[in-house]
Structures are given as structure tokens and as C-alpha cells.
Amino acid sequence: MLYPKSPFVLGRTKLALLVIFALLGACQASWVTVTPDVKNALELTTSGFGFVILGLPGGSLCGLLATGRLIAARGARRAV
């Protein structure tokens with residue numbers, strides 16, 4: 001594995017990773033605050049909304065599997 005040689009590059013990499021995780025946390029927090037409104041707007045029961053929430057990680061897993069195949073077929077540089 002190649003490691004960045006310059007401390008500046010390493011600092012930029014850490015900053016980029018921090019920003020990505022902060023954005024993901026903000027998105028998760030904003031979703032959690034509106035879940036009651038989404039449940040009411042879709043007129044779902046608690047169990048029905050549970051199935052909706054259960055589908056979110058399922059979609060993520062499908063995306064991970066598809067991305068792995070895409071990278072294997074086309075290479076990481078072209079997939080990004």
C-alpha cells in the first residue's frame with residue numbers, strides 16, 4: 001500500500017475523511033429528526049415503518065455488492 005510522503009498530503013487526507021464522516025453524521029441526524037413526519041405522511045403503522053427502515057441497510061448492501069463488481073470489471077479509477 002502506498003502512503004502519502006508529505007505531511008501536507010496526509011493532513012488533507014485526514015481533513016477530507018473528517019468532512020465525509022461529519023456530512024454522513026449530519027445526514028443521519030437530519031433523517032432521524034423527520035422520521036415521525038415521514039411515517040405520518042406515508043400513513044404507515046409502526047411495524048410498516050420498521051420495514052421501511054429495515055430496507056435502508058438492505059439497499060446499502062446491494063449497492064456495496066454492485067460497486068464491488070463494478071470495480072472488478074472496470075477498475076477503481078474508472079468506477080469513481
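A few comments on the model shown:
- Expressed in Å, the radius of gyration and Dmax of the Cα atoms of the chain are 18.6, 55.
- Rounded to the nearest 10 degrees, the angle from helix 46-74 to the longest Cα principal axis of the chain is 30 degrees.
- For the chain, the per residue solvent-accessible surface stands at 89 Å², with DNA, RNA and ligands left out and a 1.4 Å probe.
- Between helix 7-41 and the chain: long-axis angle, C-alpha atoms, 0 to 90°, nearest 10: 10 degrees
- Solvent-accessible area of Leu70 with every protein chain in place, 1.4 Å probe, in Å² to the nearest 10: 80 Å²
The values are calculated or read from the model by the stated rules, or taken from the named source; none is laboratory data. The shown structure was predicted, so the numbers you read here are calculated from the model rather than taken from an experiment. When the accessible area is computed, the model is the full protein with side chains, heavy atoms only, and any ligands, DNA or RNA have been set aside. Shrake-Rupley method; radii C 1.70, N 1.55, O 1.52, S 1.80 Å.
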